Amino acid sequence: MNDSIPQTRPVTILVVDDDDVDVLGIERALKKLKIANPIVRAHDGVEALEILRSSEGLPRPYLILLDINMPRMNGQEFLVELRRDKNLSSAVVFVLTTSQDDQDKLMAYSRHVAGYIVKQHVGDGFMRVTEMLDHYWRVVELPVA
């Protein structure tokens, strides 16, 4: 018998992307699908780590949508730091990037990303990605501690 309580807290989405147009596309797609999850934005890996490590932190459960190509600290560098941090290492990360480079894919998966999505394959306004994420967090148990 499974006594676990279904996840009732909304999943916060941390979007780590320096491209304003892409972030707007994600926000519009979520709104169009009537997904009202809280969204927090970081412009690069440095800012994302600051948010995650701040005294307020990011409310759990959360998942991270991560771009690879960013200034200051790119997505790969961010993943290295994230996985080194015992308080953050269990974070669920989806890479959402323009990079189709096989080395980027291999590196991302070696750092335990949940998925690697190429932005140009996403199609109209990120709708498929947001639908997939909505299904994902409704089915998968995300860490809350």
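The values are calculated or read from the model by the stated rules, or taken from the named source; none is laboratory data. Keep in mind that this is a model prediction, so the values were computed, not measured. In case anyone asks, the SASA skips ligands and DNA or RNA and just uses the protein heavy atoms, side chains included. Shrake-Rupley method; radii C 1.70, N 1.55, O 1.52, S 1.80 Å.
Numbers at a glance
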{"read-out": "Length added when fully stretched, Asn69-Lys31, from 0.36 nm per residue minus Cα-Cα", "value": "11.1 nm"}
{"read-out": "All lysines inside 29 Å of Lys34 as judged from Cα atoms, apart from same-chain residues fewer than 8 positions distant", "value": "Lys119"}
{"read-out": "Residue-span extension gain [Tyr136 to Gln103] - 0.36 nm each, minus C-alpha spacing", "value": "9.3 nm"}
{"read-out": "Sequence-distant residues sharing a close amide H with Val92 (under 5 Å, placed H)", "value": "Ile64"}
{"read-out": "For Val21, solvent-accessible area (1.4 Å; no DNA, RNA or ligand), Å²", "value": "110"}
{"read-out": "Translational diffusion coefficient (Stokes-Einstein; Kirkwood radius from C-alpha pairs) of segment 44-135 at 20 °C, 1.002 mPa s, in µm²/s", "value": "156"}
